[in-house]
């Protein structure tokens with residue numbers, strides 16, 4: 001994940017949408033630098049170079065600002081994922097690309113890790129963030145379920161519960177991603193990708209029939 005740099009010069013006159021975008025980017029930069037515990041209206045305003053009154057004009061408090069920052073981050077990543085899936089037309093190839101995308105930038109960028117873990121922590125404290133997190137996670141699992149369904153239909157693989165298989169693969173990728181993020185010396189991103197690609201191999205070979 002590239003650092004979220006300000007796209008405007010100090011003192012520039014911005015439209016309301018541009019100002020909102022600048023404040024959202026400032027939230028992401030603050031979390032990258034200080035983590036979510038150091039996030040406050042004051043630090044965001046300092047980062048964006050605006051007054052607290054101006055922030056209040058665009059957002060109904062810190063909670064809304066954090067929620068919109070999370071929404072922007074996940075939307076950007078979702079768009080990138082869809083672009084990656086467009087590189088292939090066959091469902092199995094798309095499934096492999098989905099897995100591969102988890103273990104390369106921006107997903108494995110250290111700045112992204114700080115932001116993602118910050119939002120995860122906030123989801124344990126803030127109901128609105130938790131709801132949004134669940135919506136985002138469901139969207140990703142749904143894509144996996146669709147790719148798995150299309151793959152087993154194309155290959156005529158019987159007796160596989162695509163919904164449960166999608167949750168299983170998603171949990172495997174999340175676990176490996178989190179473990180690598182916390183301890184990069186434990187295994188390489190390539191090895192994590194290989195583990196998950198072996199799961200796809202098992203699906204293709206019809207070895208996941210017990211997932212019913």
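Pull out a ≥ b ≥ c, the square roots of the eigenvalues of the alpha-carbon gyration tensor of segment 166-209, then state rounded if a/c is under 1.5, prolate if not and a/b is larger than b/c, and oblate in the remaining case.
Numbers: a/c = 4.24, a/b = 1.95, b/c = 2.17.
Because a/c hits 1.5 or more and a/b fails to exceed b/c, segment 166-209 counts as oblate.
What ranking of 33, 19, 154 emerges when the number of other C-beta atoms within 10 Å of each C-beta is taken as an exposure proxy, fewest first?
Working: 33 14, 19 19, 154 11.
Ordered by Cβ neighbours within 10 Å, fewest first: 154, 33, 19.
Give the shape of segment 80-165 as rounded, prolate or oblate, defined through the alpha-carbon gyration tensor: a ≥ b ≥ c are the square roots of its eigenvalues, a/c under 1.5 means rounded, and otherwise the shape is prolate if a/b is larger than b/c and oblate if not.
On the way: a/c = 3.09, a/b = 1.62, b/c = 1.91.
Oblate is the answer for segment 80-165, as a/c is 1.5 or above yet b/c matches or exceeds a/b.
Output the 0 to 90 degree angle, nearest 10, between the alpha-carbon long axis of helix 16-34 and the longest principal axis computed from the alpha carbons of the chain.
For 16-34 against the chain, the angle is about 70 degrees.
Quick one: order 177, 120 by neighbouring beta-carbon count within 10 Å, fewest to most. List each step's numbers first, then the result.
Working: 177 19, 120 14.
Taking fewest neighbouring Cβ atoms as first place, the list is 120, 177.
On average, how much area does the Cα convex hull of the chain cover when viewed from any direction, in nm²?
Working: hull surface 51.9 nm².
Average projection, Cα convex hull of the chain: 13.0 nm².
Compute the angle between helix 162-182 and the longest alpha-carbon principal axis of the chain, please, reported from 0 to 90 degrees and rounded to the nearest 10.
The angle comes out at about 50 degrees.
Mind checking the full-extension length gain between residue 167 and residue 131? Use 0.36 nm per residue of separation minus the Cα-Cα distance, one decimal, nm. Mind dumping the intermediate values first?
Values: separation 36, 0.36 × 36 = 12.96 nm, distance 1.81 nm.
Roughly 11.2 nm would be gained on extension.
For the chain, take the longest principal axis of its alpha carbons; what is the angle in degrees between that and the long axis of helix 110-123, to the nearest 10 within 0 to 90?
90 degrees
For a quick check: sort 128, 68 by the number of other beta carbons within 10 angstrom, fewest at the front. Could you put the intermediate results ahead of the total?
Working: 128 14, 68 18.
In order of increasing Cβ crowding within 10 Å: 128, 68.
Can you grab the distance from the C-alpha centre of segment 133-212 to the C-alpha centre of segment 56-88, Å, no decimals?
Each part's Cα centre sits 24 Å from the other's.
How high is the relative contact order of segment 16-204, in percent, counting Cα pairs under 8 Å that sit 6 or more residues apart?
Values: 154 pairs, mean separation 39.6, N = 189.
It comes to 21 percent, rounded to a whole number.
Read the figures in this text as sums done on the coordinates, not as results from a lab. Treat the numbers as computed from the prediction; the structure is a model and nothing was measured. In this analysis, Cβ positions are derived from the backbone assuming ideal geometry, glycine residues included, and neighbour counts consider all displayed protein chains.
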